Amino acid sequence: MAKTAIITGSSRGIGAAIALRLAKDGMNIAFNDLNMTMFENNDIVDRVKALGVEAEVFCADVSKYAECEAMVKAVKERFGTIDVLVNNAGITRDGLMARMPEEQYDMVIAVNQKSVFNMTKFVGNIMMRQRSGHIINLASVAGLYGNPGQINYSASKAAIIGMTKTVAKELGSRNVTCNAVAPGFIHTPMTDKLTEEQKAAMLAQIAMKRYGEPEEIAGVVSFLASEDSSYVTGQVIEISGGISM
Ligand code: NAP
């Protein structure tokens, strides 16, 4: 039976590239985003189906516990199994700490961090029962090294690293792995909105002197979702073209 992967926030950007790659690997794809409008503006679902796998969209706000519970139940009913969870959905609401309103902090924590608890709890329970599964979390170099103007975002991504290691320890004996990738600066709608000055400052720090592409994240996620990484768990793989060594 084909494996099934659920990828949160997968209508575009890194999530869409991961969906395409895991479909190329032969997995059925459960797409997720906030609403259907996100998928009406692109052909990602059709491109995945053209690879000969099954795909369906499940709308939910992953910061909401009850919506995640209902979505995971619906995916399990539709596909019979969930073998791979990619916690990809994420937002930025940047600003210096001194001027950041409380709501701006709380929103990023809810979408980026609480969502990982919500999704991992419900999918993890399924994986524990089936004694197999791979969970991959999208962290960030901001969570490893900090970044001015991103106290909310870097907090959420650092938390994801702690959560990754905890889940690896809690689920390891049930043959479920949990790892994180920490991208640097990747070409997506999230980074397109940075100023030219911010982009130049990032580029100066990158050993390879170029930004990354979503497919370069998807390749590593594919490895972590495959049996080639069956003895890798609790790890954080930086994918940044060498921002720090
Ligand atoms: P993106 O292009 O903004 O895509 C993120 C997707 O998540 C969007 O479709 C977004 O929908 C969706 N989303 C937002 N809130 C959601 C929610 N509550 N429930 C469900 N879906 C939601 O971002 P990306 O650049 O591909 O980033 C993907 C992941 O990689 C994120 O976790 C990000 O933090 C991480 N990352 C990215 C970079 C980079 O350089 N791009 C670097 C390090 C880490 P809306 O448009 O409606 O918000």
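The values are calculated or read from the model by the stated rules, or taken from the named source; none is laboratory data. The shown structure was predicted, so the numbers you read here are calculated from the model rather than taken from an experiment. Please note: Cβ atoms are built from the backbone with ideal geometry, for glycine as well, and neighbour counts cover all protein chains shown. To get the accessible areas, we keep the full protein, side chains included, count just its heavy atoms, and leave off ligands, DNA and RNA. Shrake-Rupley method; radii C 1.70, N 1.55, O 1.52, S 1.80 Å.
Points worth noting:
- Its Cα centre serving as origin, the chain has a Cβ charge dipole (Lys and Arg +1, Asp and Glu -1) of approximately 580 debye.
- In nm, spacing of pseudo-spin labels at residue 198 and residue 213 (7 Å Cα→C-beta vector): 2.4 nm
- Pairwise label distance in nanometres, residue 130 with residue 77, each label 7 Å out on the Cα-Cβ vector: 1.7 nm
- Rounded to 10°, Cα long-axis angle of helix 115-130 versus longest principal axis of the chain: 30 degrees
- Within a straight-line Cα-Cα reach of under 25 Å, residue 199 can be paired with the following lysines, leaving aside sequence neighbours fewer than 8 residues apart in one chain: 157, 209.
- Low-density loop positions, chymotrypsin sites (Phe, Trp or Tyr not before Pro), segment 144-207 - DSSP coil, at most 15 other Cβ in 10 Å: none
- Cα-derived Rg to Rh of segment 13-102, Kirkwood definition: 1.04
- Rounded, prolate or oblate (a/c below 1.5 giving rounded, otherwise prolate when a/b exceeds b/c) for the chain by Cα gyration tensor: rounded
- Largest to smallest in accessible area, the residues 69, 238 fall in the order 69, 238 (1.4 Å probe, all protein chains included).
- Surface analysis of segment 95-245 yields an accessible area of 49 Å² per residue, using protein heavy atoms and a 1.4 Å probe.
- Amide hydrogen neighbours beyond the local backbone of residue 55, cut-off 5 Å, H modeled: 29
- Sparse packing (at most 11 other Cβ atoms within 10 Å of the Cβ) combined with a DSSP loop state is found for the following trypsin sites (Lys or Arg not before Pro) in segment 195-245: 209, 210.
- The relative contact order of the chain comes to 19 percent, based on Cα pairs under 8 Å that sit 6 or more residues apart.
- Qualifying trypsin sites (Lys or Arg not before Pro) in segment 1-105, where qualification requires a DSSP coil assignment and no more than 12 other C-beta atoms within 10 Å, are lacking entirely.
- Selection among 112, 123, 89 by position relative to the dipole of segment 41-135 gives 123 as farthest towards the positive end (Cβ unit charges, Cα centre).
- Given charges at beta-carbon only (K, R positive; D, E negative), |dipole| of segment 181-245 in Debye: 220 debye
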